[in-house]
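Enquirer: The structure follows.
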Amino acid sequence: MHTNDKHVLFFDIDGVLLEPIGYRKATVDTIENFFQDCGVDQINILEEEIAAFESQGITSEWDIIPLYILTWLEVNSHAQRDQQSALNWQKLIETQKISRENHVSNLDLILQSGQFLLKDMSPSNSFAMLFADKVLSKKYFPNMANQQWAIHELLNKQAGSFSTGLIKEFQKKIHGTKINSQDDENNRLFSNDSYLKMYDRRLIDVENSAYLHKINVVDGIAMAAMTARPSQVSELDSYGQIVPFNYPETETGLELAGLGFLPVAGFGEIQLVSLLTDLNEQKIRKPAYLHAVIALFRALCIPMRETLDFISSQLDSDRLFINLLEVDNPYFRELLTNQEIIHLHVFEDSSVGIRAVRGLQSLFYRNGIYAVVHAYGISQDERKIQALRNENACIYPSINQAIISCKEIIC
């Protein structure tokens, strides 16, 4: 390694720093509650089914929950193709002749549809928008083809009160909000305790947390959390903007991992950039390179307001190129001064973050700056491992083994 080399570390949280048991349990409980309300009890949600979504790059629970419900309804439906449309969810179970026992796994359909999404996904569309198309729904969901209202409610999150309620129930589990029967048509109470605090498990050793703190604070190596978790944006007051999901889920996770000092590029920051630039959030969130740009600025301790002012001055809906040489900040100038190579280290359990950092690498190249990516793929799930290998990631069973390899490059 050359002495003038610079290093920046990007960390995903779920599956890397933490085992996201809280998110997983909230996902499963939300799906189970939906089917219980429809009169279907004891569905068997397999861990490998949820992991299959993530292996295809579908990592948001807001996508996983409705897509899981739809794929499950499809494979367990025994209705005739010309079956008339049902009027409500309870009636749909009867109309589609869905058994209340002997359920079939929807793993194969998840993988099939996920491969389609991975191929045809564009930054301007969400997974739900793709599947909400009638032609596509008939292709992948022929048994549910006559229940267009159901597909619409499940997948168009902004449209129906049902879908909004589905995600709202998930969020209440995550944040531990207790509601009373006047607020909930199903008379369901939620625990005062957050699922994240009750169930998430730390994966990074105390020694490695201390090591990262040391090289960050003492040695000045830049690093940040790059995640799709909601995050709390402290700079909101200076903009007068309202971020709908300004929740400290990222900060809660980092504290549990012993990395509360890490700067954050989470969903709160993404939403604020979206509000100020009029860019669709899908064009900002990983695998989009802009997520890595925000994480880079946060890692360099560039204030969020300065970050947002620069990005908004560079971007519009038709121009996604950022001229890094125009960044007027001493921390950024130090990164570029007298450096021989910029090393971008990304720790991920799915492909999307690696793709975002490779996009940042390409941006450096276009600005005449030489950068290399070190991709640490962290997983023991075979499907995830294959997806990570497709991104040329080195595979490690845990973050702790990955940090050992990272030390050899940095030291």
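Enquirer: Suppose we filter segment 321-347 for residues that are closer than 18 Å to residue 284 by Cα and either charged (D, E, K, R) or at pLDDT below 95 (or both); how many remain?
Expert: 4
Enquirer: Please give the helices (runs of 4 or more DSSP H) falling wholly within segment 2-93 in which 2 or more residues are buried (at least 20 other Cβ atoms within 10 Å of the Cβ) and at pLDDT 90 or above.
Expert: By residue number, 21-37.
Enquirer: Take residue 318 and decide whether it is over 28 Å from residue 196 (Cα atoms), within 21 Å of the chain's Cα centre (by Cα) and at pLDDT below 85.
Expert: No, not satisfied.
Enquirer: Which numbered condition in (1) more than 22 Å from residue 407 (Cα to Cα); (2) without any contact (Cβ under 8 Å) to a residue 40 or more places away in the chain is the only one that residue 375 fails?
Expert: Against the list (1) more than 22 Å from residue 407 (Cα to Cα); (2) without any contact (Cβ under 8 Å) to a residue 40 or more places away in the chain, residue 375 comes up short only on (1).
Enquirer: Please give the number of the condition residue 338 fails out of (1) touching a residue at least 40 places away in the same chain (Cβ under 8 Å); (2) under 30 Å from residue 62 (Cα atoms).
Expert: Only one criterion in (1) touching a residue at least 40 places away in the same chain (Cβ under 8 Å); (2) under 30 Å from residue 62 (Cα atoms) is unmet by residue 338, namely (2).
Enquirer: Restricting attention to segment 325-338, which residues are buried (at least 16 other Cβ atoms within 10 Å of the Cβ) and more than 18 Å from residue 5 (Cα to Cα)?
Expert: 327, 329
Enquirer: Check segment 349-359 and report whether any residue there is at pLDDT below 85 and not small (Gly, Ala, Ser).
Expert: no
Enquirer: Of all residues in segment 217-234, which are touching a helix residue (DSSP H, G or I) at 6+ places or on another chain (Cβ under 9 Å) and touching a residue at least 40 places away in the same chain (Cβ under 8 Å)?
Expert: 221, 222, 223, 224, 225, 226, 227, 228, 229, 233, 234
Enquirer: Let me ask you something else. Filter segment 380-391 down to the residues that are surrounded by fewer than 16 Cβ atoms within 10 Å (Cβ to Cβ) and touching a residue at least 24 places away in the same chain (Cβ under 8 Å), then identify the one that is nearest to residue 345 (Cα to Cα).
Expert: Only one residue tops the list, namely 390.
Enquirer: Here is a follow-up. Mind listing whichever residues of segment 195-229 are modelled with pLDDT of 95 or more, loosely packed, with under 15 Cβ neighbours inside 10 Å and assigned to a helix (DSSP H, G or I)?
Expert: Listed by number, the residues that qualify are 206, 207, 210, 214.
Enquirer: Next question, about the same structure. Mind listing just one residue for me: the one in segment 230-255 that is among the aliphatic types (A, V, I, L, M) and either over 19 Å from residue 348 (Cβ atoms) or not assigned by TED's automatic domain parsing to the domain that holds residue 344 (or both) and, of those, modelled with the highest pLDDT?
Expert: Ranking the candidates gives 233 first.
Enquirer: Please give the number of the condition residue 377 fails out of (1) in a helix (DSSP H, G or I); (2) crowded, with 20+ Cβ neighbours inside 10 Å.
Expert: Among (1) in a helix (DSSP H, G or I); (2) crowded, with 20+ Cβ neighbours inside 10 Å, residue 377 violates only (1).
The values are calculated or read from the model by the stated rules, or taken from the named source; none is laboratory data. Source: prediction; values computed, not measured. Please note: Cβ atoms are built from the backbone with ideal geometry, for glycine as well, and neighbour counts cover all protein chains shown.
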